[in-house]
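Every read-out reported here was derived from the displayed coordinates using simple, explicitly stated rules and does not represent laboratory data. Keep in mind the model is a prediction, meaning the values are calculated, not measured. Here Cβ is always computed from backbone atoms with ideal geometry, including for glycine, and neighbour counts include all displayed protein chains.
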Amino acid sequence: MILNWAIPQEGLGTRVSNLEYYPVTGLLSQGKPGFFEIPATGLVEMNIRVLLIAQDDHARQEYLSALEKCAVQVFVSESFQDLRPEICSFSYHGIFLDIQTKMKAIKINKNYVYGLVENFPICQLKINDQTGEINCFHNSQKLGGTMLDFINNECRNFVPRMIRSDSRKEIHLNVILYKYKDDIQPEFSVTINISKGGCFIFSTRDWKAGQDVWIRIKELTGNELISGQIRSVARWGESIRIPGIGVEFTEISALQIEEISRLKSTI
């Protein structure tokens, strides 16, 4: 069954699978905020929800056509700047990201883009200029990997989460990273970026998403341990990016939040 929920906006629509689709908001026309749901093929569960971010109209339509075979709920945004409240109010199992859209967004706000990429399974997409086929790039990719492979191998087991409203800022703070509260051999490292809700910490140790961690930030006068949970792991040698862990703070004092907010505004 295809659900058809949205905010009507006169004159913006194009046709997708006989439904009215609005490329700027990523919504369909019936008067309510929401998504469209692709008919099930028996390959994945229908309760998997993904976000597609693609600015180019042609590329976006090609990606949507491919997703019709994947039996998932799809929200669509034209760009990072157009992540509307209706989109941010839902949780997602993964993000499909057009590479050209990503590169344009990095020039405007690279910290927000990288912060988003750190916290979700990401499948980067590109239309092959010669063949017209969709090229996919993701962590579990094998030669000839597809969008469905990404959904089955990465999205299916990911605990869905919402897109954070508080953007991270590139600030390098000295941290002591503990695997356990009483860890006698903690790792001494630095943050790559930070917000009042979490941070990305450089690390080459063996970590797993969902693992609890404890952090002490040297620059904060509120020096008690901050509790967190690992939301993403970038392992050394697996991709062209800084290795480390994306951490969501689960227990942090009001003083520490205030100090982090002050650092973000002054550095």
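Structure values in brief
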quantity: Peptides ranked, highest mean first, by Cβ atoms within 10 Å: ranges 92-102, 257-267, 238-248; calculated: 92-102, 238-248, 257-267
quantity: Cα centroid of the stretch 90-126 to Cα centroid of the stretch 190-242, whole Å; calculated: 19
quantity: Set of the stretch 206-229 residues, backbone N closer than 11 Å to the point 7 Å along the Cα-Cβ line of residue 258; calculated: 222
quantity: Rg/Rg_ref, the stretch 174-266, where Rg_ref = 2.2 N^0.38 Å and atoms are Cα; calculated: 1.03
quantity: The stretch 174-266 - percent relative contact order, Cα under 8 Å, separation 6 or more; calculated: 27
quantity: Chain lengthening between residue 88 and residue 68 when straightened (0.36 nm per residue, less Cα-Cα); calculated: 5.0 nm
quantity: FRET E, pair residue 241, residue 188, Förster distance 25 Å, beta-carbon r, rounded to 0.05; calculated: 0.75
quantity: Karplus (6.51, -1.76, 1.60) ³J(HN,Hα), θ = phi - 60°, over the stretch 227-236, in Hz, Gly and Pro reported as x; calculated: 8, x, 10, 6, 9, 8, 10, 10, 8, 4
quantity: Sorted by Cβ density within 10 Å, fewest first, the residues 149, 206, 129, 183; calculated: 129, 206, 183, 149
quantity: Whichever lysines have a C-alpha closer than 27 Å to that of residue 110, once near sequence neighbours (fewer than 8 apart) are set aside; calculated: 102, 126, 169, 196, 208, 218, 264
